[in-house]
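A quick write-up on the structure given underneath.
Quick note: the coordinates plus some simple rules give every number you see, no bench work behind them. Since we're looking at a predicted model, the values are computed, not measured. Virtual Cβ from ideal backbone geometry, glycine too; neighbours counted across all protein chains shown.
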Amino acid sequence: MILPIVKYGHPALRQKGEAVETFDETLEEFVHNMLDTMYDADGVGLAAQQVGKATQVTVIDVSQVEDRPSTMAVDGKEVSIPDFMPLVLVNPVVKPLNDRVKGPEGCLSFPEIYADIERPESVEVSAQDHKGNSFSFTCGGLLSKAVQHEVDHLKGILFIDRMERKDKDKLRNVLEAMRETTQKELSQ
């Protein structure tokens, strides 16, 4: 089932996600719906907050992106990205591994808005899957950026919060219009 993606101005985007403690059919159905929604929107990642639910669940699939490479290692060994996609991260913890680099970013909750965002180039990730199994990996490139972007959502942090002031200033009117439209729709 395709879920509605909330836009900037919706309060769920600023909510910290609750830790998932129950791994059941309800969670499994929610994860499948999130994946359907992400693929339908041509996204590479989607966090629970983006579909109006404040919980620690995100889905990611960078396997179809060819112009922005990704790396992934499990137990110190490089793995094939498509073999591990889609990724379901429940209760994820991310640890930066190196210096920050700038790169382009967008967000399904901010249609048509893009900016260069500075993030660590690679990270170590520990999480659970939707069945409660723990796993960890390191990643770089687009996958690292997507993981960090989605985990930010789980903390109520938006990519506009990480924009340079000059970029955000250029978008101020567009962002304000989007926020007002969303809040108007919510009040109806």
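For region 36-113, which fully contained strands (runs of 3 or more DSSP E) count at least 3 residues that are among the aliphatic types (A, V, I, L, M) and in contact with a helix residue (DSSP H, G or I) (Cβ under 8 Å, 6 or more places away or on another chain)?
Where strands (runs of 3 or more DSSP E) fall fully within region 36-113 and carry at least 3 residues being among the aliphatic types (A, V, I, L, M) and in contact with a helix residue (DSSP H, G or I) (Cβ under 8 Å, 6 or more places away or on another chain), they are 57-60, 87-96.
Restricted to region 155-188, and to residues that are exposed (fewer than 14 other Cβ atoms within 10 Å of the Cβ) and of a type in the set (A, V, I, L, M, F, W, C), which residue is nearest to residue 92 (Cα to Cα)?
Residue satisfying both the conditions and the ranking: 186.
Would you pick out the residues in region 1-53 that are free of Cβ contacts under 8 Å to residues at least 40 places away in the same chain, closer than 21 Å to residue 145 by Cβ and in contact with a Ser or Thr (Cβ under 9 Å, 6 or more places away or on another chain)?
34
Can you tell me which residue in region 76-112 is nearest to the chain's Cα centre (by Cα), limited to those that are crowded, with 18+ Cβ neighbours inside 10 Å and among the polar types (S, T, N, Q)?
This residue is 109.
Output yes when any residue across region 113-132 is of a type in the set (Gly, Ala, Ser), in contact (Cβ under 8 Å) with a residue 60 or more places away in the chain and farther than 21 Å from residue 43 by Cβ, and no when none is. Break it down stepwise before answering.
Filtering region 113-132 down to residues of a type in the set (Gly, Ala, Ser) leaves 115, 122, 126-127, 132.
Now restrict to residues that are in contact (Cβ under 8 Å) with a residue 60 or more places away in the chain: 132.
In the following step, the residues that additionally are farther than 21 Å from residue 43 by Cβ were identified as 132.
Within region 113-132 (the criterion being of a type in the set (Gly, Ala, Ser), in contact (Cβ under 8 Å) with a residue 60 or more places away in the chain and farther than 21 Å from residue 43 by Cβ), the answer is yes, since at least one residue qualifies.
Would you check which residues across region 1-19 are surrounded by fewer than 18 Cβ atoms within 10 Å (Cβ to Cβ) and either part of a loop (DSSP other than H, G, I, E, B) or among the charged types (D, E, K, R) (or both) and list them? Don't jump to the end; show me each part of the working.
Within region 1-19, the subset surrounded by fewer than 18 Cβ atoms within 10 Å (Cβ to Cβ) is 1-2, 4, 11, 14, 16, 18-19.
Matches in region 1-19: 1, 2, 4, 14, 16, 18, 19.
Going through 161, 116 one at a time, which residue ends up being over 23 Å from residue 34 (Cα atoms), assigned to a strand (DSSP E or B) and not polar (S, T, N, Q)?
Every option except 116 fails the conditions.
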